[in-house]
Amino acid sequence: MWMIVMFRARLAAGLAVLAVLIALPAQAVEIQDLTSPGGTGFWLVEEPSIPIVALEISFAGGARHDPEDRPGLANLMRALLDEGAGDMDALAFAEARDALSARFGFSAGRDAMDASARMLVETLEPSVELLATALAKPRFDPEPLERVRGQLLASIAQSATEPDSVAGEAWSAGTFPEHPYGLPSDGTAESVQAITRDDLAAAHGMLLTRVNARIAIVGAIDAEKAGWVVDTVLAGLPEGKPFAATETNIAPPPGLTVIEMDVPQSAAIFGQKGLYRDDPDFIPAYVMNYVLGGGGFTSRLMTEVREKRGLAYGVYSYLSVRDEAALYLGSVRTANERMAESLDVIRGEWARMADEGVSEDELERAKKYLTGAFPLSLDSNAKIARYLVFMQEEALGIDYLDRRNGLIEAVTVEDIKRVAARLLDPDALSIVVVGKPEGL
């Protein structure tokens, strides 16, 4: 308990410093590209003002490597990493973690397995060793396995009653009928029920490997100590083999699919082929999307669908870049009798952007927000560490923080008109609606 009190006291004492850090530009973050004594590369930002260390690890791979008959395997495996490890059962592990005031988190995406840790400087060594045990020696004991399995089955059952979840899974299945992205990453009731301890052990050995680790550390720690952290955390993991990723030209099939569900509101997922992040037009497309559907209440979709017509509470769009697919997606949810008109308006705005692009005023407002709000995504050690791993995942380069706002500022009206004409096609939209929409 005293460590928790100390943690809170020191965190409060550092708030004034943190407030200053928030105001600093992204360029103020000094990133060191280092190699641990054991030969593993990682990025480090030394921030001594608050006695906390944030660690982020992304293991390339993820749920797209689930066996075809075992979707949800990676997700169940990650949920068990802190449910007992080494010689500690689930309760003993939780008590050890809490005694150190450490926070661990594990997640499984389609393209990566992530591990995160927030640790106090004074308990750093035992915290790192405990995390290393969780990563290298999960127990997968019967009791926590069945308990967590039950939780995931309950979540899957709940999702089956939610129009948004059903629409998302149906859209993915229709777009990727022969690709792992078409399988539900959380699994199905049947697949999760069928997963065995041997399946979990096999997935663990395949997905958590040293060669596939992208690592960032941010906090009150120097390079020498950070190298020790990296080698200690990875020590018990196999070297493994790099996962190959092949960019595909998969395009969602155009058209409309309606799945009936007896609910008062329908949910729609719409999308088409997008752009990979290394495409020269990606940044102009990113700025364009802010104007079209990514800018909250200032976006065209929100203005036309909600503000002017009152058709829906919210509507949005976003660029989705995966290792093996690039998509441009959006979503809207509204009353059954308003879905048809909402989709007509969305198609109209898709076409208007493709034909006209944006105005100078829209572009300047988008730039101002996207550059001005960016420091808020780096206002804590944890956020910086997560962003550094993202930069490694996307191969953006260690100088990306210095270049990012300049890339946005350089976008012109002509750039957006070009990329909008290239990217947007209302006739290519693939739409899945779940509910009882009228007039579709």
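The values are calculated or read from the model by the stated rules, or taken from the named source; none is laboratory data. Just so it is clear, the model here is predicted, and its values are computed rather than measured. Cβ placement follows ideal geometry from the backbone for every residue including glycine, while neighbour counts extend to all protein chains displayed.
Here are a few things to note about the model shown:
- In the set (1) modelled with pLDDT of 95 or more; (2) under 25 Å from the mean Cα position of the chain (by Cα); (3) over 30 Å from R418 (Cβ atoms), A194 fails one condition alone, (2).
- Cβ separations smaller than 8 Å between residues 6+ apart or across chains give the following pairs from segment 203-228 residues that are touching a residue at least 40 places away in the same chain (Cβ under 8 Å) to residues that are of a type in the set (K, R): T209/K241; A216/R386.
- Hey, A96 assigned to a helix (DSSP H, G or I), in contact (Cβ under 8 Å) with a residue 12 or more places away in the chain and in the same structural domain as T188 (by TED's automatic domain parsing) or not: yes
- Filter result for the condition that a residue is assigned to a strand (DSSP E or B), at pLDDT 95 or above, surrounded by 14 or more Cβ atoms within 10 Å (Cβ to Cβ) and touching a helix residue (DSSP H, G or I) at 6+ places or on another chain (Cβ under 7 Å), over R210, R214: R214
- Restricting segment 198-245 to residues that are within 24 Å of the chain's Cα centre (by Cα) and β-branched (V, I, T), the residue that is nearest to G72 (Cα to Cα): T209
- The single residue among L91, L76 that is buried (at least 22 other Cβ atoms within 10 Å of the Cβ) and either among the polar types (S, T, N, Q) or assigned to a helix (DSSP H, G or I) (or both) turns out to be L76.
- Every residue from segment 259-293 that is in a helix (DSSP H, G or I), closer than 30 Å to E178 by Cβ and not hydroxyl-bearing (S, T, Y): F282, A285, N289, G293
- Residues in segment 330-344 that are over 29 Å from the mean Cα position of the chain (by Cα) and not small (G, A, S) were compared, and the one that is farthest from P264 (Cα to Cα) is D344.
- Lone unmet requirement of (1) in a strand (DSSP E or B); (2) in contact with a Phe, Trp or Tyr (Cβ under 8 Å, 6 or more places away or on another chain); (3) of a type in the set (A, V, I, L, M) for L256: (2)
- So S331, is it in contact (Cβ under 8 Å) with a residue 12 or more places away in the chain, farther than 30 Å from A54 by Cβ and not in a helix (DSSP H, G or I): yes
- Close contacts from segment 125-153, counting a first residue that is within 18 Å of V192 (Cα to Cα) and a second that is polar (S, T, N, Q) and surrounded by 17 or more Cβ atoms within 10 Å (Cβ to Cβ), with Cβ to Cβ under 8 Å and a gap of 6+ residues or different chains, come to L152/N75.
- Residue match in segment 376-387 (condition: of a type outside the set (F, W, Y), over 19 Å from V29 (Cα atoms) and buried (at least 19 other Cβ atoms within 10 Å of the Cβ)): no
- Looking across segment 261-313 at every residue that is of a type in the set (D, E) and within 30 Å of E393 (Cα to Cα), the one that is surrounded by the fewest Cβ atoms within 10 Å (Cβ to Cβ) is identified as D278.
- Residues within segment 37-53 that are aliphatic (A, V, I, L, M) and more than 25 Å from the chain's Cα centre (by Cα), tallied: 1
- Residue match in segment 114-128 (condition: of a type outside the set (S, T, N, Q), assigned to a loop (DSSP other than H, G, I, E, B) and at pLDDT 95 or above): no
- E224 surrounded by fewer than 19 Cβ atoms within 10 Å (Cβ to Cβ), modelled with pLDDT of 95 or more and within 24 Å of V29 (Cα to Cα): yes
- Residue selected from segment 274-292 under the condition of a type in the set (A, V, I, L, M, F, W, C) and in contact (Cβ under 8 Å) with a residue 40 or more places away in the chain, by the criterion farthest from T303 (Cα to Cα): L275
- Within segment 129-157, if we keep just the residues that are part of a helix (DSSP H, G or I) and among the charged types (D, E, K, R), the residue that is nearest to L208 (Cα to Cα) turns out to be E129.
- Residue in segment 359-366 that is in contact (Cβ under 8 Å) with a residue 40 or more places away in the chain, small (G, A, S) and not in a helix (DSSP H, G or I) present: yes
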